[in-house]
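Note sheet for the following structure.
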Amino acid sequence: MAASMVRQCIQSSLPRQVTEIVWREQNINHALQILSMLHIQHQYYHVTMPLFKRRHVEESQKDELIFDNNVLSNFSYKQSKKKSLSIVETWNNMTVQELANSAKRDVEDILDALYFESRNSTYTKNNGHLIHKVVQRLGAKSKLVSKCIKKVDIEDKDIIRRPLPDSSELVKRHPVVTIMGHVDHGKTTLLDALRHTSVAQSEFGGITQCIGAFNVTLDSGERVTFLDTPGHAAFTSMRYRGAYVTDIVVLVVAADDGVKEQTLQSIKMAKNANVPIIVAINKIDKPDIDIEKIQNELANYGVVVEKLGGEVQCIKLSALKGTNLQELTEAIVVQAELMDLKGDPTGLVEGVAIECSNQIYRGNLVTALIQRGTLKKGCLLVFISILFFQIVSGLASAKVRSIFNDSGHSILEAKPSDAVQITGWKELPNVGDEILEVENNKVLQDVLKFREKKRDEILAKEHKAAADERLQEHLIEYRKLLEVKRTFGREKLKELKLKLQEEKRKPKIVDSISKINIIIKGDVAGSVEALLDIFDTYKYDTICRLNIVHYGIGPVTNSDIELADTFEAIIYGFNVNAIKTIKEMADARGVSLRFYNVVYKLIDNIKEEIHNVLPEVDTEEIIGSEAKVLQKFEINEKNKKVSVAGCRCVKGVLLKSEMYRVIRGNETIFTGKLVSMRHLKNEMSSIEANLECGLRFEDPKVSLQSGDTIICFKLNREKQKLDWDPGF
């Protein structure tokens with residue numbers, strides 16, 4: 001009975017248990033499916049290694065990549081979106097306060113970070129690794145640099161001109177007079193007549209090519225300092241300096257030539273410098289002269305003489321015959337009296353460098369005009385340049401060893417308005433620079449050190465700018481390579497680097513542009529300056545480059561020969577020469593030495609040298625032959641149809657061997673040669689005017705029409721020419 005009761009109980013509870021089991025299994029299976037899906041998604045997004053992912057390359061980049069500079073330049077660097085950390089500069093033996101200042105944080109923050117890293121309450125040992133960890137703890141990057149020394153402002157120890165003197169200290173001084181005018185108008189001859197010398201006869205080419213300074217005592221006993229400026233167009237800078245350092249300008253105009261280009265330039269310079277003008281009409285002994293015409297021409301340019309109601313004195317003279325020279329000297333003295341010229345002979349010397357040269361037995365020599373103070377032996381001098389309206393201090397200095405007058409005689413001192421030659425220069429200044437005296441050697445050394453510091457700062461800025469530019473170029477190249485690596489992988493990057501290395505190994509293409517390398521040596525700085533100004537007018541570097549390898553003052557030296565040998569340059573000497581050993585050295589090395597005493601002859605030789613190295617070019621010579629197309633024909637030749645132009649020669653003679661140009665309207669549709677020229681059925685070498693002919697060109701695709709013009713011309717090979725105008 002018990003067994004039957006158990007059996008009945010099991011049968012009644014079994015369906016309910018089975019139902020619960022099935023329901024439980026269904027829930028478990030559903031949960032497992034969800035977990036399985038989550039697991040699959042988790043594997044897809046997080047388990048796959050980056051190296052096994054597919055690279056998504058654009059369709060245009062799926063083709064085979066050919067690496068060259070053009071392809072590389074197409075890759076642009078994508079800026080990283082990572083958050084950039086601030087950079088903290090650190091250095092050896094750094095204190096906590098210095099680290100706080102560099103990181104721009106409180107000292108307490110530094111100490112807290114230091115405690116977390118070192119676990120000590122004291123900081124006694126300087127550990128670079130510990131400093132690096134502290135900076136990381138602060139959330140920044142460390143950059144090891146040299147210790148920043150606090151910059152101390154150095155006192156400005158340069159010198160400038162002294163303040164204007166008190167009127168009670170001024171004394172009367174003699175005038176400085178500049179002779180200006182056009183070339184070959186008799187300026188130097190006039191000065192010779194006033195000085196009783198014959199400088200004009202010794203000048204090369206009959207023209208003045210350097211600025212001269214002379215202290216002259218007139219027959220009346222008055223002293224005058226004359227500056228003789230060149231009238232040639234090449235020496236504009238010399239005339240400019242002469243106008244700006246003078247008290248009076250004597251404008252020389254030739255009676256037989258009138259107002260010329262350099263005359264007008266001299267008038268403009270004198271007016272800009274606010275200097276009074278005295279007109280000297282020279283060569284009145286010449287026949288067929290018209291002085292009134294010259295005076296009227298001058299009036300048109302703002303120089304109105306007294307005869308025409310103006311205030312400008314006008315003297316008619318003949319420098320060669322000595323006529324009316326006394327009137328000119330009296331006019332200069334009167335003008336000086338009206339100006340009431342005074343100077344300060346006390347205190348430190350101030351002056352201006354008129355000319356600089358290097359002489360064999362004297363060394364560096366500077367011709368200077370004293371403007372203030374009294375120059376004596378032993379004075380310490382420095383100079384200041386004014387370049388583009390900015391004061392530029394140089395390193396040239398001198399302890400005056402000797403002083404010479406214009407005759408070459410040694411003198412003891414020079415006062416205001418005196419023009420003298422000074423020796424003792426360690427380095428030559430530039431012409432036109434201001435010369436200033438310093439109190440003692442200590443002040444001189446302080447000035448030079450200060451100027452060296454300024455020069456080094458300028459050089460450092462220039463070098464830094466160049467280095468930054470090169471760094472930017474490197475970064476651009478690096479970023480392009482990095483983009484290639486990210487896009488195509490390491491193998492393609494290696495392939496690209498190999499190809500770039502091969503490109504670098506290839507020989508560079510030789511520059512096909514012709515070039516002339518020259519070295520200039522002159523007798524004085526003004527002459528070299530004038531030549532450089534002429535070379536600045538050369539604007540044909542795309543055809544032939546004119547390279548100035550070196551220029552300097554003085555005779556040709558060994559270093560000039562070595563430099564010319566290195567650069568295959570021609571050495572031009574202007575009013576200088578070379579000793580025998582230098583000439584032998586130049587001959588042994590194949591260096592060309594060329595010496596000239598006249599500026600335009602030197603320039604002409606350079607023009608000829610440029611012409612010799614220029615390549616030949618094709619030039620067209622129109623021979624005056626012309627034909628008109630009457631009709632276009634097509635004939636069979638070797639089973640091919642070819643076009644033939646039926647023409648009539650309307651001008652000249654058509655030659656089969658020359659070049660032809662087909663013109664339709666204003667457009668040239670063909671330029672080339674003929675294949676065939678026929679009259680009737682006969683092959684001809686020429687066709688005369690008014691005859692009809694058939695012309696077939698070398699290009700079978702030329703489409704001719706009735707009315708087209710055919711011009712015959714000759715093609716010649718000639719040397720290329722340059723239209724270089726140096727201004728004279």
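The values are calculated or read from the model by the stated rules, or taken from the named source; none is laboratory data. In this text the structure is predicted, and so the values were computed from the model without any measurement. A quick note on method: Cβ atoms are made from the backbone with ideal geometry, for glycine too, and the neighbour counts reach across all protein chains shown.
To keep it simple, each residue is scored yes or no on (1) under 15 Å from ALA627 (Cα atoms); (2) surrounded by 14 or more Cβ atoms within 10 Å (Cβ to Cβ); (3) touching a residue at least 24 places away in the same chain (Cβ under 8 Å); (4) over 58 Å from the mean Cα position of the chain (by Cα).
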site	(1), (2), (3), (4)
LYS641	no, no, no, yes
LYS651	yes, yes, yes, no
LEU654	yes, yes, yes, no
ARG661	yes, yes, yes, no
LYS673	yes, no, yes, no
HIS679	yes, yes, no, yes
SER686	yes, yes, yes, no
ALA689	yes, yes, yes, no
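How many residues are surrounded by 18 or more Cβ atoms within 10 Å (Cβ to Cβ) and modelled with pLDDT of 75 or more when one looks only at the range 208-217?
Initially, the range 208-217 is screened for residues surrounded by 18 or more Cβ atoms within 10 Å (Cβ to Cβ), giving 208-216.
Cutting the leftovers down to modelled with pLDDT of 75 or more gives us 211-216.
Within the range 208-217, residues that are surrounded by 18 or more Cβ atoms within 10 Å (Cβ to Cβ) and modelled with pLDDT of 75 or more number 6.
Just the residues that are of a type in the set (Phe, Trp, Tyr) and surrounded by 19 or more Cβ atoms within 10 Å (Cβ to Cβ), please, taken from the range 274-316. Lay out the reasoning, then the answer.
Initially, the range 274-316 is screened for residues of a type in the set (Phe, Trp, Tyr), giving 301.
None - no residue of the range 274-316 is of a type in the set (Phe, Trp, Tyr) and surrounded by 19 or more Cβ atoms within 10 Å (Cβ to Cβ), so the list stays empty.
Can ARG451 be described as surrounded by 14 or more Cβ atoms within 10 Å (Cβ to Cβ) and modelled with pLDDT of 85 or more?
Values: surrounded by 14 or more Cβ atoms within 10 Å (Cβ to Cβ): yes; modelled with pLDDT of 85 or more: no.
For ARG451, the condition - surrounded by 14 or more Cβ atoms within 10 Å (Cβ to Cβ) and modelled with pLDDT of 85 or more - is not met.
Given the range 62-128, what helices (runs of 4 or more DSSP H) lie entirely inside it while holding 3 or more residues that are at pLDDT below 85? Break it down stepwise before answering.
Working: elements: 69-73, 96-103, 107-118.
Of the helices (runs of 4 or more DSSP H) lying wholly inside the range 62-128, those with at least 3 residues that are at pLDDT below 85 span 69-73, 107-118.
(1) in contact with a helix residue (DSSP H, G or I) (Cβ under 8 Å, 6 or more places away or on another chain); (2) outside any loop (DSSP other than H, G, I, E, B): which one isn't true of LYS714, the others all being true?
Condition not satisfied by LYS714: (1).
Quick one: what pairs do we get from the range 598-622, first residue closer than 15 Å to LEU546 by Cα, second surrounded by 12 or more Cβ atoms within 10 Å (Cβ to Cβ) and aliphatic (A, V, I, L, M), C-beta under 6 Å, 6+ apart or different chains?
GLU609/ILE516; ILE610/ILE516
May I ask you to say which residue of SER527, SER559 is among the polar types (S, T, N, Q) and surrounded by 15 or more Cβ atoms within 10 Å (Cβ to Cβ)? Working first, answer last.
Details: SER559 fails: surrounded by 15 or more Cβ atoms within 10 Å (Cβ to Cβ).
Answer to the check: SER527.
For the range 362-374, state whether one or more residues are of a type in the set (A, V, I, L, M), out of contact with any strand residue (DSSP E or B) (no Cβ under 7 Å at 6 or more places or on another chain) and more than 30 Å from VAL253 (Cα to Cα). Even if it seems obvious, please write down each step before you answer.
Taking the range 362-374 as the starting set, the residues that turn out to be of a type in the set (A, V, I, L, M) are 365-366, 368-370.
Okay, now just the ones that are also out of contact with any strand residue (DSSP E or B) (no Cβ under 7 Å at 6 or more places or on another chain), so none.
Looking through the range 362-374, none of the residues is of a type in the set (A, V, I, L, M), out of contact with any strand residue (DSSP E or B) (no Cβ under 7 Å at 6 or more places or on another chain) and more than 30 Å from VAL253 (Cα to Cα).
Could you count how many residues in the range 532-561 are in contact (Cβ under 8 Å) with a residue 24 or more places away in the chain and under 27 Å from GLY363 (Cα atoms)?
14
With the structure loaded, tell me whether VAL438 is surrounded by 12 or more Cβ atoms within 10 Å (Cβ to Cβ), touching a helix residue (DSSP H, G or I) at 6+ places or on another chain (Cβ under 7 Å), under 19 Å from ASP158 (Cβ atoms) and in contact (Cβ under 8 Å) with a residue 12 or more places away in the chain or whether it fails that test.
Numbers: surrounded by 12 or more Cβ atoms within 10 Å (Cβ to Cβ): yes; touching a helix residue (DSSP H, G or I) at 6+ places or on another chain (Cβ under 7 Å): yes; under 19 Å from ASP158 (Cβ atoms): yes; in contact (Cβ under 8 Å) with a residue 12 or more places away in the chain: yes.
Answer is yes for this residue.
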